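First up is the structure itself, then whatever we jot down about it.
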Amino acid sequence: MDANTVSSKDAILEKIRNGKLHLQRLPDVPIFAYTGDMQEGFIEHLTGFDGKAECFDTRAQAIEWLDKQLDKDTKCIYSNIPEYQGTITLADLKDPHDAHKIDICIGEGELGVAETGSVWVTNKSLGLAAAALLSTDLYLLLDRANLKGGLHEAYQALKLTDTQYGSFYTGPSATADIEAIHVTGAQGEISLTVLLYGEIGNASQREDK
């Protein structure tokens, strides 16, 4: 091949280089204050997506309630919170596919969003993301102090480079693809229950700044 002949690949790459747009400064996105009660808003939107919420004054009360609800004799329970011991541990789940054995997954909610009822979780707060995705029932503990008004405010608080996996869970899995019929638990957990705890004042109406 003639050394002066430009390959198709080189020609395409050169066109891409020459056609690159000049970088533009991204616009400033305003953060609109959430004017309602954050706890009420969070619960309303969470239940609107088939999720459930239980409210407690303290984390210890939430753990006590959880212990009374769960049956360790008949259910395979995975827990990533230090105060509650499940029946299967992370050491037993060497392959993420093994998470299909889990009936109940218990993890931490890192923050919640009032305007959507969403809970942010990561591989750190879950221990193993597959445990939440493949379990039947998911329980997430969430401190009221970590409630945010809107998604813009929530993203400001996140450090996306700190973990390999992060996702907003908004209720249990669901679909309405087939004949527009809503089906809960189509691709994952059938239920999502958020255990809210902490000082009520932390989730009261936010002041406009």
Please tell me if ALA60 is under 23 Å from VAL183 (Cα atoms) and either of a type in the set (Gly, Ala, Ser) or in contact with a helix residue (DSSP H, G or I) (Cβ under 6 Å, 6 or more places away or on another chain) (or both). no
Cβ contacts < 9 Å: first residue closer than 12 Å to LEU134 by Cα, restricted to the stretch 81-103; second residue among the hydrophobic types (A, V, I, L, M, F, W, C) and assigned to a loop (DSSP other than H, G, I, E, B), any location; separation 6+ or different chain. Result? PRO96/LEU128; ALA99/LEU93; ALA99/LEU128; LYS101/CYS76; LYS101/LEU93; ILE102/CYS76; ILE102/LEU93; ASP103/CYS76
Residues satisfying the stated conditions in the stretch 137-157, i.e. of a type in the set (Asp, Glu) and part of a helix (DSSP H, G or I): GLU153
Which pairs have Cβ atoms under 6 Å, sit 6 or more apart or on different chains, and link a residue in the stretch 17-35 that is in contact (Cβ under 8 Å) with a residue 24 or more places away in the chain and on the phi < 0 side of the Ramachandran plot to one that is surrounded by 10 or more Cβ atoms within 10 Å (Cβ to Cβ) and not in a loop (DSSP other than H, G, I, E, B)? ILE31/HIS152; ILE31/GLU153
Flag if ASP50 is charged (D, E, K, R), farther than 25 Å from VAL183 by Cβ, in a loop (DSSP other than H, G, I, E, B) and in contact (Cβ under 8 Å) with a residue 40 or more places away in the chain: no
Look at GLY36 and say whether it is out of contact with any helix residue (DSSP H, G or I) (no Cβ under 6 Å at 6 or more places or on another chain), surrounded by 11 or more Cβ atoms within 10 Å (Cβ to Cβ) and at pLDDT below 95. yes
Among (1) modelled with pLDDT under 95; (2) closer than 28 Å to THR35 by Cβ; (3) among the basic types (Lys, Arg) - the single one LYS124 does not satisfy: (2)
Meets criteria (farther than 30 Å from GLN156 by Cβ, surrounded by 14 or more Cβ atoms within 10 Å (Cβ to Cβ) and touching a residue at least 24 places away in the same chain (Cβ under 8 Å)) for LEU111: no
Any chance you could count how many residues in the stretch 71-81 are over 13 Å from ASP137 (Cβ atoms) and at pLDDT 95 or above? 2
Residue check for ALA132: closer than 20 Å to LEU66 by Cα and of a type in the set (Gly, Ala, Ser): yes
For the stretch 80-136, how many residues meet the condition of being among the hydrophobic types (A, V, I, L, M, F, W, C) and in a loop (DSSP other than H, G, I, E, B)? 5
Return the residue satisfying two criteria in turn: it lies in the stretch 127-176 and is within 19 Å of ILE81 (Cβ to Cβ), of a type in the set (S, T, N, Q) and out of contact with any Cys (no Cβ under 7 Å at 6 or more places or on another chain), and of such residues it is surrounded by the most Cβ atoms within 10 Å (Cβ to Cβ). ASN146
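The values are calculated or read from the model by the stated rules, or taken from the named source; none is laboratory data. What you see is a predicted model, and the numbers here were worked out from it, not measured in a lab. All Cβ positions, even for glycine, are placed from backbone atoms using ideal geometry, and neighbour counts span all protein chains on display.
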